[in-house]
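See structure below.
The values are calculated or read from the model by the stated rules, or taken from the named source; none is laboratory data. Given the structure is predicted, the values throughout are model-derived calculations rather than measurements. Quick reminder, even Gly has a Cβ in these numbers, built from the backbone with ideal geometry, and neighbours come from all protein chains shown.
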């Protein structure tokens, strides 16, 4: 006896629909999904009404679909672009600064050049000071803090160049000078001294501990100078500079060393008219000049230009 088309079991309906010359047009899974979507409109829980099922298919097929606003592919690209931009922005921001590890050490060293060298460069200055060293360091301290002009001569290997390099670091980190010019016997020698200063700022953990507002942004570059232009702190550019001939310290809120510059040149290079325009629009000129090996074993430190 033929089955009632208004009360077909799901398996019977599949066999009936697949018996046409078209071959298989539906399977159990697809019919189950249709019954779930249509609910009781096409039958009860055990049987399917073929006529009502066909009517539901026709209605579903010809129902106008509401297209989403805009091109879905374009919206997908916009979302991907926004996500990549957010990730890039997060990667450029250096995050929160570490706290100062030893405020007392930092405060005492700010006005004492000898103590600064002993506190932050213990591996470099591990021997006892001679009387000449003490005298030279006091003269450098005076020139940096109060101004002056002097020249010094010391034996080879007594640390003249290293002391001059540390003097430049001390002067800018503590806000004593905003533009320091370091002049070597030639351009190569000058660039070597700047590389030595860079190594201290980029790898000295003691400087990082007490001067995070300067050293932390520098070490966040991971030695990649191309990151300078994009570096951010709290969403604002730090304007840090890290080239072969100059260092521009990061512009940080509350830092007395913001935007300070250390620039090098050879004695025969272009040193007249040296200047730098900072991110705030202010043009600054060297206020401290350190000359190294300009005449055999002579050093000169000056605050005149």
Within the range 209-242, can you find the residues that are in contact with a helix residue (DSSP H, G or I) (Cβ under 8 Å, 6 or more places away or on another chain) and in a helix (DSSP H, G or I)? 210, 214, 215, 216, 218, 219, 227
In the range 90-149, how many are in contact with a strand residue (DSSP E or B) (Cβ under 9 Å, 6 or more places away or on another chain) and in a helix (DSSP H, G or I)? 9
Take the residues in the range 260-289 that are out of contact with any helix residue (DSSP H, G or I) (no Cβ under 9 Å at 6 or more places or on another chain) and assigned to a strand (DSSP E or B); name whichever of them is surrounded by the most Cβ atoms within 10 Å (Cβ to Cβ). 289
Can you tell me which residue is surrounded by the fewest Cβ atoms within 10 Å (Cβ to Cβ) among those in the range 226-240 that are in contact (Cβ under 8 Å) with a residue 40 or more places away in the chain and over 17 Å from residue 258 (Cβ atoms)? 230
Selection over the range 166-179 where residues are within 24 Å of the chain's Cα centre (by Cα), assigned to a helix (DSSP H, G or I) and more than 11 Å from residue 247 (Cβ to Cβ) yields a count of 1
Exactly one condition in (1) surrounded by 13 or more Cβ atoms within 10 Å (Cβ to Cβ); (2) within 13 Å of the chain's Cα centre (by Cα) is not met by residue 223; state its number. (1)
Across the range 241-260, what is the number of residues that are without any contact (Cβ under 8 Å) to a residue 24 or more places away in the chain and closer than 22 Å to residue 191 by Cα? 2
Hits in the range 243-259 - residues which are over 14 Å from residue 96 (Cβ atoms) and in a loop (DSSP other than H, G, I, E, B): 243, 244, 245, 249, 250, 251, 255, 256, 257, 258, 259
Enumeration of residues in the range 1-15 that are modelled with pLDDT under 85 and exposed (fewer than 11 other Cβ atoms within 10 Å of the Cβ): 1, 2
Got a number for residues in the range 16-31 being surrounded by 13 or more Cβ atoms within 10 Å (Cβ to Cβ) and assigned to a helix (DSSP H, G or I)? 3
Kindly indicate whether residue 52 is touching a helix residue (DSSP H, G or I) at 6+ places or on another chain (Cβ under 8 Å) and either in a helix (DSSP H, G or I) or modelled with pLDDT of 80 or more (or both). yes
Would you be able to tell me the number of residues in the range 145-167 that are touching a residue at least 60 places away in the same chain (Cβ under 8 Å) and touching a helix residue (DSSP H, G or I) at 6+ places or on another chain (Cβ under 6 Å)? 5
What is the residue count in the range 32-49 for residues that are assigned to a helix (DSSP H, G or I) and surrounded by 12 or more Cβ atoms within 10 Å (Cβ to Cβ)? 5
Looking at residue 100, is it in contact (Cβ under 8 Å) with a residue 40 or more places away in the chain, buried (at least 19 other Cβ atoms within 10 Å of the Cβ) and either within 17 Å of residue 257 (Cα to Cα) or touching a helix residue (DSSP H, G or I) at 6+ places or on another chain (Cβ under 7 Å) (or both)? no
When residues of the range 180-208 are filtered for being out of contact with any helix residue (DSSP H, G or I) (no Cβ under 7 Å at 6 or more places or on another chain) and either in a helix (DSSP H, G or I) or surrounded by 18 or more Cβ atoms within 10 Å (Cβ to Cβ) (or both), how many remain? 13
Could you count how many residues in the range 253-280 are modelled with pLDDT of 85 or more, closer than 17 Å to residue 236 by Cβ and out of contact with any strand residue (DSSP E or B) (no Cβ under 9 Å at 6 or more places or on another chain)? 4
